[in-house]
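The values are calculated or read from the model by the stated rules, or taken from the named source; none is laboratory data. Quantities reported herein were computed from a predicted structural model and do not represent experimental measurements. Please note: Cβ atoms are built from the backbone with ideal geometry, for glycine as well, and neighbour counts cover all protein chains shown. What goes into the accessible areas is simple: the full protein's heavy atoms, side chains included, and nothing from ligands, DNA or RNA. Shrake-Rupley method; radii C 1.70, N 1.55, O 1.52, S 1.80 Å.
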Amino acid sequence: MMIQTPRGVEDILPHQISKYQWIEKKASSLFHLYGYEEIRIPTFENAELFLRSVGKETDVGKQMYIFKDKKGRNLSLRPEATASVARAYIQHRLYEKPGDWRVYYIGPMFRYERPQAGRLREFRQIGVEVLGEAAPQLDVEVIEMVCQFFKRLGLANFNVQLNSIGCKKCRPDYEKRLKEYFKRNISSLCPVCQKRYEYNVLRILDCKKESCQKVVEKAPFLKDHLCEDCKIHFEKVKMGLEDMGIKFNLDPYLVRGLDYYTRTTFEITIPSLGAQNAICGGGRYDGLVKELGGPYTPGIGFSIGVERLLIALEKDEMNFFPKNSPGVYVITLDKKSQKMGYYLVNLLRSKGIKTWMSFSGDNLSSQLRLANRKGVCWAIIIGEEEVNKEILILKDMESGKQREIEWRRLEEFSQNLNFQLKRSRDCD
RNA sequence: GUGAGCGUAGCUCAACUGGUUAGAGCUCUGGACUGUGGAUCCAGUGGUUGGGGGUUCAAGUCCCCUCGCUCACCCCA
């Protein structure tokens with residue numbers, strides 16, 4: 001049996017790469033406008049880092065790819081990037097720099113889950129993190145930036161889901177209250193939720209089982225039990241978004257499956273995507289840096305699922321992905337003409353023109369067929385006859401028309417060709 | 001981790017209730033056309049029917065196991 005990719009991981013072949021690059025370029029150029037710089041963090045870290053940040057008992061914690069290296073160190077492929085960014089921030093004492101610290105990252109994440117539409121074991125995320133700023137205006141700016149990003153990609157139908165899950169001060173109180181409430185009804189909860197009661201009561205809130213829903217309906221709302229500071233923060237975020245003209249849905253049951261979130265949490269969903277419809281998730285994590293051994297530092301961030309974003313863009317039948325740039329195929333027919341061919345290829349490339357040349361020595365027909373398949377705008381033919389006459393033949397692959405170019409006017413010709421290629425991007 | 005559906009050529013799919021040597025279209029290669037690609041026609045290459053085991057005179061077809069894909073649950077990106 002031939003060796004294939006492991007379950008849930010994929011090759012990204014050249015015809016797909018240009019789409020990824022296009023999205024990545026759009027992201028980085030937009031994020032730069034907002035003052036973000038790129039960071040590259042390791043693909044694996046000490047497992048402890050993730051276990052402490054996302055939480056051992058959370059789903060993400062359980063989905064980690066943990067392994068031991070040759071010295072028996074416990075390592076893990078990163079299931080997400082926020083913890084690493086916070087770690088880097090602390091490790092390099094970046095809190096000693098003035099102002100907030102804004103970074104973005106692009107790269108693969110790994111989670112051991114059952115693959116599904118829009119869910120892979122290795123998937124790519126584009127994300128940003130801001131450390132050192134607690135103001136609700138920042139929450140608004142961050143959400144506004146993602147929306148701006150999706151708009152710039154031409155994505156129209158997305159929804160912003162918003163919630164506040166309180167802070168270290170008010171959440172414990174609320175969880176206590178919630179526990180008291182569920183305790184009275186624990187027998188009507190599903191088995192999964194009965195376990196959740198022990199380690200994560202909040203999760204019961206978005207259980208979709210009908211029996212649980214019934215109980216949840218009458219459960220106390222978190223928004224009614226936020227402390228004064230959290231309440232004010234949340235109000236300012238909502239008002240800020242409204243001022244920016246950003247529509248959002250309040251989802252009181254939006255509970256993110258990572259332990260470190262505080263206050264604002266949000267998700268951006270696309271209705272057409274099916275079950276895995278979230279293309280972006282994020283929120284505030286004011287306690288994380290301290291939790292990881294740094295000074296108290298507020299933080300906020302989000303991450304975008306690139307594969308899901310691509311599915312959404314393709315579903316919208318958006319054919320705005322960039323085409324391959326057109327080029328030239330140089331055909332030579334014997335030893336002498338091949339020598340001239342090499343010279344010509346180098347000249348054209350030095351002018352910035354994408355150029356192929358076949359080394360196969362095939363006949364003219366098959367070389368032209370190859371040129372056709374490469375989708376080039378022009379073929380240049382040099383054979384015995386052309387060498388003797390010191391010319392080359394330039395063939396327009398679309399019209400089939402061809403003309404002779406004198407060898408001594410090559411310089412002028414290649415300049416001209418470059419100009420024409422730049423103008424006719426869609427000749428194929 | 002749970003459930004359901006599906007695995008036949010590189011791709012898309014055939015093969016009646018088990019019955020000769022598993023077919024077709026597209027792609028690919030070659031030819032018609034030895035210095036002119038795309039169109040047409042002709043020919044050819046290509047398969048351990050995902051893998052393993054079982055039932056049977058006989059298995060692509062039925063049964064079991066396994067791997068993978070797909071979708072959903074779960075959860076998220």
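Here the gap between A:Asp69 and A:Asp316, fully extended at 0.36 nm per residue and compared with their Cα-Cα distance, gives a gain of 84.5 nm.
Taking the Cα centre of region A:328-420 as origin and assigning +1 to Lys and Arg Cβ atoms and -1 to Asp and Glu Cβ atoms, the resulting dipole is close to 320 debye. Placing R0 at 35 angstrom, the Cβ-Cβ distance between A:Ser360 and A:Gln148 gives a FRET efficiency of 0.10 after rounding to 0.05. Evaluated with a Cβ-only charge set (Lys, Arg +1; Asp, Glu -1), chain A carries a dipole of roughly 980 debye about its Cα centre, given to the nearest 20. Distance between the 7 Å Cα→Cβ label points at A:Glu24 and A:Gln91: 2.1 nm. Between A:Arg114 and A:Glu411, the contour length at 0.36 nm per residue exceeds the alpha carbon distance by 101.1 nm. Taking every C-alpha pair closer than 8 Å and separated by at least 6 residues, the mean separation divided by the residue count of chain A gives a relative contact order of 15 percent. If you take every residue apart from A:Leu333 with its C-beta less than 11 Å away from the C-beta of A:Leu333, what net charge results, scoring Lys and Arg +1 and Asp and Glu -1? Net charge in that neighbourhood comes out at -3. Spin-label pair A:Gln137-A:Lys231: with each label point 7 Å from Cα along the Cα-Cβ axis, the two points sit 2.4 nm from one another. Answer rounded, prolate or oblate for chain A, using the Cα gyration tensor with square roots of eigenvalues a ≥ b ≥ c: rounded when a/c is under 1.5, else prolate when a/b is larger than b/c, else oblate. It is prolate, given that a/c is not under 1.5 and a/b is the larger ratio. With each label modelled as a point 7 angstrom along the Cα→C-beta vector, the A:Asn159-A:Lys247 pair spans 1.1 nm. The share of accessible area on region A:1-155 that comes from carbon and sulfur is 51 percent, using a 1.4 angstrom probe. Taking amide H as placed 1.01 Å from N in the peptide plane, A:Arg263 has its amide H under 5 Å from the amide H of A:Ile165, A:Gly166, A:Cys167, each at least 5 places away in sequence or on another chain. Between the listed residues A:Phe67, A:Tyr174, A:Ile268, the Cα displaced farthest toward the positive end of the dipole of chain A, a dipole computed from Cβ unit charges relative to the Cα centre, is found at A:Phe67. What chain A shows is 54 Å² of accessible area per residue, with the surface traced by a 1.4 Å probe over protein heavy atoms.
What a 1.4 Å probe finds exposed on region A:284-403 is 47% carbon and sulfur by accessible area, rounded to a whole percent. Springs between Cα atoms under 10 Å define the GNM used for chain A, and in it the highest mean-square fluctuation of A:Asn46, A:Asn277, A:Asn363 occurs at A:Asn363.
Comparing mean-square fluctuations of A:Val215, A:Val128, A:Val142 from a GNM of chain A with C-alpha springs under 10 Å, the top value falls on A:Val215. For region A:328-420, give the share of DSSP beta bridges that are antiparallel, in percent and rounded to the nearest 5; count only bridges with both residues there. Percentage antiparallel, nearest 5: 55. Would you be so kind as to identify which of A:Tyr95, A:Met145, A:Phe44 lies farthest towards the positive end of the dipole of region A:26-152, taking Lys and Arg as +1 and Asp and Glu as -1 on Cβ and the Cα centre as origin? It is A:Phe44, whose Cα lies furthest towards the positive end. Segment A:Asp224..A:Glu404, full-extension length gain: 56.7 nm, with 0.36 nm per residue of separation and the alpha-carbon distance subtracted. Using the Cβ-Cβ distance between A:Arg369 and A:Asp11 with R0 = 25 Å, the FRET efficiency computed as 1/(1 + (r/R0)^6) comes to roughly 0.40. Summing +1 for each Lys or Arg and -1 for each Asp or Glu among the other residues whose beta-carbon sits under 14 angstrom from that of A:Thr355 gives +4. Between the listed residues A:Pro115, A:Leu30, A:Ser350, the Cα displaced farthest toward the positive end of the dipole of chain A, a dipole computed from Cβ unit charges relative to the Cα centre, is found at A:Pro115.
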